[in-house]
Amino acid sequence: MVFGDPHMKWAAWASLAVVLIGAFGYGCFVLGGYRCEGESGSELLPAMDCDETDELAWFSGLDLAQVVDAGANEELRRTIKTLGDRIHSLEEEARFYRRLVAPLDEDAGFNIERIDISKTRDADRFVYTLVLTQAADRDQWIEGSLTLEVVGEMENEQRSLSLAELSEESEYPLKFGLLYFEDLGGQMTFPSGFMPEEIRVAAEVDTGRRFERVFAWSVK
């Protein structure tokens, strides 16, 4: 249980203290009072002095503050991780747009920027998002076609499967047109036992140029 509010922490401590003290007192009552002796007077268990001082000492030894703080620290750790992931994502987005607005020489022109792969409930089905960019000549609309294939292993043999074999795309090769950037997305379903290793993307633009890029298989 996690308590982010200090007032909730103290309420939790107080509630837990009442429960524990009550349980301890009840245990003493069941064992026959403040000394655990049988009817004959012979001692069945080691003497248990249940006076107020010992009770408080026993209770304080539980270090409830540490227990509750551990939960709060775990919540804080998760929050910091979430914020760190979000900051990293925003930094990636900032670099992406910076390359479009003020590209370096190596970033100029058409580019197969990246491909993101995500899981679905089906172990053999994945969602893909392919990002295309044009970092120079931003006043020029470009069009073209694109092919995608996944290379992997199946039954100890190397296999190469095109997107046409893996999806229900009605048109293939895929068509694209962009001024700045474009996202192309869909789903891929692999045959059972296929182990993907890399993705090969090839694009031809209307200027006659051909671009290719290979991505290692990586699932988010």
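With an a/c value of 1.5 or above and a/b larger than b/c for the gyration tensor axes a ≥ b ≥ c computed over the alpha-carbon atoms, segment 105-216 is described as prolate. Report the paramagnetic label zone for Thr147: residues of segment 167-193 whose backbone N is under 15 Å from a point 7 Å from Cα along the Cα-to-Cβ axis. Those under the cut-off are 172-175.
Applied to segment 171-181, the Karplus parametrisation 6.51 cos²θ - 1.76 cosθ + 1.60 on θ = phi - 60° returns per-residue 3J(HN,Hα) values of 10, 8, x, 5, 9, 9, x, 8, 9, 10, 7 Hz, with x for Gly and Pro.
A short reminder: the numbers here are calculations on the coordinates, not readings from a lab. Keep in mind it's a predicted model, so treat the numbers as computed, not measured. Cβ sites come from the backbone with ideal geometry, for glycine too, and all protein chains shown count toward neighbours.
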